[in-house]
Every structure is written in structure tokens, then in C-alpha cells.
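Worksheet: one structure, shown below.
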Amino acid sequence: MIFIDACFGKKTPFTPVWMMRQAGRYLPEYMKVRSKAGDFLSLCKTPELAAEVTLQPVDILGVDAAILFSDILVVPLEMGMNLKFAAGEGPTFSNPILTKDDLNALEVDEAAKKLEYVYQSIKLTREKLADNKALIGFCGSAWTLATYMIEGGGTKTYSRVKKLLYSEPDFLHKILIKVTEVLKLYLENQIKSGVNAVQIFDSWANALEEEAFFEFSWRYIQDLCLFLKSRYPHIPIIVFPKGVSGYFDKIEGSFDVFGVDWSTPIKLAKEKLGGKYVLQGNMEPTRLYSKKAIDKGVEHIVDIMQNERHIFNLGHGILPDVSVENAKYFINLVHNKTKI
Ligand code: CP3
């Protein structure tokens with residue numbers, strides 16, 4: 001698989017490319033399956049349909065890897081939290097963690113078992129996916145998940161989780177330890193079900209100042225990476241902590257690929273991390289609105305990453321109102337420009 005070779009820094013005939021959120025609302029075919037399922041969470045919980053939408057971007061766009069169709073928040077859901085995806089509102093939990101009893105009520109082993117529908121989605125997808133295409137599994141970082149679990153949803157200020165961080169750090173660590181226990185079981189089960197690589201999304205890494213990032217987020221990501229690497233060294237690990245370019249000098253660990261977000265100049269990532277890790281990214285996702293902007297964005301990244309170890313991607317998820325034609329144009333352009 002070209003994608004897996006690239007994750008391990010091997011030379012490939014072209015730079016593999018996929019897009020974060022590549023199975024989603026910009027695809028009419030996705031909307032059709034989603035309406036069949038009823039809503040987003042039902043789609044995640046119906047393996048036949050989840051597998052179908054996972055495969056769509058491979059068939060329609062020709063990306064080099066599929067990413068499991070699910071959400072990072074199914075983990076807290078199955079730990080025992082009431083998750084709702086209300087239209088236009090984003091995800092919410094009606095029972096956020098406020099006390100030690102709330103934390104004690106959450107499950108670990110049972111949660112990993114209840115996520116069986118994810119493992120089934122993986123098995124069905126892997127059966128239907130071409131042998132030369134990789135299937136990427138994923139989870140959220142403990143920090144990003146804990147933030148949702150404590151805030152009860154999205155947040156601009158992170159006030160509840162940060163109040164804990166500075167006033168009851170031991171309690172926050174207990175939450176992070178418990179979430180990490182589930183993530184270990186969860187990713188291990190994903191690997192046993194057939195994923196070829198895993199990506200850890202730390203979407204809210206940039207809410208933390210340097211010292212706090214390493215203590216409350218990176219440390220738990222690395223605990224998870226070490227657990228997986230010691231057991232499944234053949235499975236590449238991609239980390240994607242958003243907005244931490246100021247901390248690159250201290251980034252180090254047991255992973256293969258570093259996902260670069262779009263706000264980080266790719267040149268800076270290359271200088272600081274490119275020698276040690278394969279880089280993934282990082283075209284600004286809204287460039288997909290214009291072919292001219294795609295041309296410039298791709299050219300810029302190809303110029304800098306030529307002859308470097310690189311996987312092409314966006315620097316964050318594709319937006320729902322991007323045209324399929326432009327998404328296809330982007331994928332083809334990357335393949336053509338990087339062919340050797
Ligand atoms: O990348 C993929 O195609 C795989 C599937 C995937 C989804 N979410 C599907 C989804 C992945 C990898 C995620 C990760 C995820 N989910 C993250 C980390 C990455 C990032 O974006 O920073 C986060 C923070 C979430 C939480 C989440 N899920 C939010 C905030 C939302 C609502 C915002 C939105 O785009 O509507 C979701 C819903 C969600 N997850 C959708 C999809 C396709 C949209 C649901 C729909 O209406 O169909």
C-alpha cells in the first residue's frame with residue numbers, strides 16, 4: 001500500500017493523498033445514505049451504512065486511503081455520556097463530568113465492548129476496500145475528549161476544563177487516565193478488526209500553553225502511542241495536535257507521521273520535524289472553493305515537500321459546501337504533480 005509505505009518514509013511512485021472529513025456532507029451520495037440512516041449517530045452505529053460512506057471518497061475521488069466513518073465522541077458516548085448532535089448546534093453532552101461520582105460512573109471495559117459497531121464497520125469496509133488502499137482508524141486525544149466531557153459540548157473559553165486544570169489538576173489527570181484506558185482498548189480493537197494505520201486527533205491542543213500541553217495532552221497521546229507501538233509496530237501512527245507549532249522543538253515520541261494543521265507554515269514543520277517524522281498536510285481547506293487557489297496551494301506545498309517524506313492532506317476538515325468537482329481536481333492535481 002502506497003499510503004502505508006509513505007507513513008514509514010519509503011519512496012513511493014507519487015505522494016499519497018486523502019482529506020480529513022472526506023466522507024461527509026459535500027457528497028450527495030453521503031447525504032443519501034445519511035437520510036437512509038436517519039441521523040448522523042445512527043449512521044455511525046449501522047456498520048453496513050458506515051462502511052458504504054467510508055468507501056465513497058475512494059470510489060468518487062480516488063484518494064489513497066479511506067478513513068473509518070465514525071466520530072471521536074462515540075468513545076465518551078459508550079463510556080456512559082448522553083451525546084446529542086443537534087442540527088446547527090454541534091455535539092453536546094447533557095451530563096458533563098462535574099464530580100468524582102460522575103467520573104466513577106463512567107465505564108472502561110464495557111465501553112470498549114459497546115463500540116462493537118465500529119469494529120464491525122471496519123471489518124465490512126476492509127472486505128470491500130481495494131488491497132492497495134489503506135484504511136485509517138482513529139480516535140480523539142484524551143485531552144480533546146475530556147474537554148468535551150467536562151464542558152458538555154463545544155467551548156470558546158474552555159473555562160470549566162481550565163478551572164479544573166489549575167485548581168484540581170489531580171482530578172483532571174484521573175479523567176485523562178480513564179479516557180486513555182478506553183482509547184488503548186479501542187484502538188487495539190480497531191487494529192484487530194483490520195485498520196492499517198491510526199490517527200489521533202487533538203483538535204483542542206491549541207487551547208493549552210506549552211507546559212500544560214505537554215502535561216495534560218501530549219503525555220497521554222504518547223502513553224497511547226507507546227502502548228500501540230510495543231504491540232503493533234507495523235501499524236503507523238499519525239498524530240494531529242492542532243496549533244502547536246510554537247512547541248515543535250519539544251515534540252518527540254513514538255509515532256510515525258505528524259499531521260500539520262493549515263495555520264503552520266509547512267516550511268517550518270519541515271525544518272523542525274521533517275528530519276524525524278513523515279509530515280502530513282496541510283493545504284488550507286477553503287482553497288477548495290477555487291481551482292486557482294488549489295493550484296497555488298498544491299504548488300506551494302509540492303515545492304517545499306519535494307523529495308521529502310510527505311503525505312498530502314488538508315490542514316483540517318473539508319467543508320460541507322465545497323464542490324465535488326473541486327475536491328476531485330485537488331486529488332488529481334496532487335497525483336499528477338508528485339509523480340516520479
Ligand atoms: O474524516 C472523516 O471523514 C472520518 C470521520 C470523522 C468525523 N468526525 C465525521 C463527522 C472524523 C475523523 C471526525 C473527527 C472529529 N469529530 C473531530 C476531530 C477532528 C476535527 O474536526 O477537529 C472532532 C472535534 C469531532 C466532533 C464533531 N463531530 C463535531 C464538532 C461535529 C459537528 C460539526 C460538523 O461538522 O457538523 C461532528 C459531526 C460530524 N462528524 C460530521 C461528520 C461527517 C457531520 C455530521 C453530519 O451532519 O453528517
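The values are calculated or read from the model by the stated rules, or taken from the named source; none is laboratory data. What you see is a predicted model; the values in this text were computed from it and never measured. Note that we place each Cβ from the backbone using ideal geometry, even for glycine, and neighbour counts take in every protein chain shown. With ligands, DNA and RNA removed, areas are computed over all heavy atoms of the protein, side chains included. Shrake-Rupley method; radii C 1.70, N 1.55, O 1.52, S 1.80 Å.
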## Note on the structure
Gly253: passes all of (1) under 21 Å from Gly317 (Cα atoms); (2) part of a loop (DSSP other than H, G, I, E, B) but (1)
### Message
Against the conditions (1) at pLDDT 95 or above; (2) open to solvent by 30 Å² or more (accessible area, probe 1.4 Å); (3) within 26 Å of Pro265 (Cα to Cα), where does Lys156 fall short? Just the number, please.
### Response
(1)
### Task
Take segment 36-62 and flag every residue that is over 16 Å from Ile122 (Cβ atoms) and more than 10 Å from the ligand (Cβ to nearest atom).
Lys36, Gly38, Ser42, Asp59, Ile60, Leu61, Gly62
#### Entry: The one condition in (1) of a type in the set (Phe, Trp, Tyr); (2) more than 18 Å from the chain's Cα centre (by Cα); (3) surrounded by 24 or more Cβ atoms within 10 Å (Cβ to Cβ) that Phe214 fails to fulfil
(3)
## Note on the structure
Checked segment 8-25 for anything more than 10 Å from the ligand (Cβ to nearest atom) and in a loop (DSSP other than H, G, I, E, B); matches are Phe8, Gly9, Lys10, Lys11, Thr12, Pro13, Phe14, Thr15, Pro16
### Among residues of segment 230-259, those that are within 17 Å of Glu181 (Cβ to Cβ) and in contact (Cβ under 8 Å) with a residue 12 or more places away in the chain, counted
1
### Task
Within segment 36-57, identify whether any single residue is open to solvent by 40 Å² or more (accessible area, probe 1.4 Å), on the phi < 0 side of the Ramachandran plot and either in contact with a Lys or Arg (Cβ under 8 Å, 6 or more places away or on another chain) or basic (Lys, Arg) (or both), and answer yes or no.
yes
### Query
Can you find a residue in segment 213-228 that is part of a loop (DSSP other than H, G, I, E, B) and within 14 Å of the ligand (Cβ to nearest atom)?
no
### Query
Which condition number does Arg219 fail, the rest of (1) under 21 Å from Phe8 (Cβ atoms); (2) surrounded by fewer than 18 Cβ atoms within 10 Å (Cβ to Cβ); (3) not hydrophobic (A, V, I, L, M, F, W, C) being met?
(1)
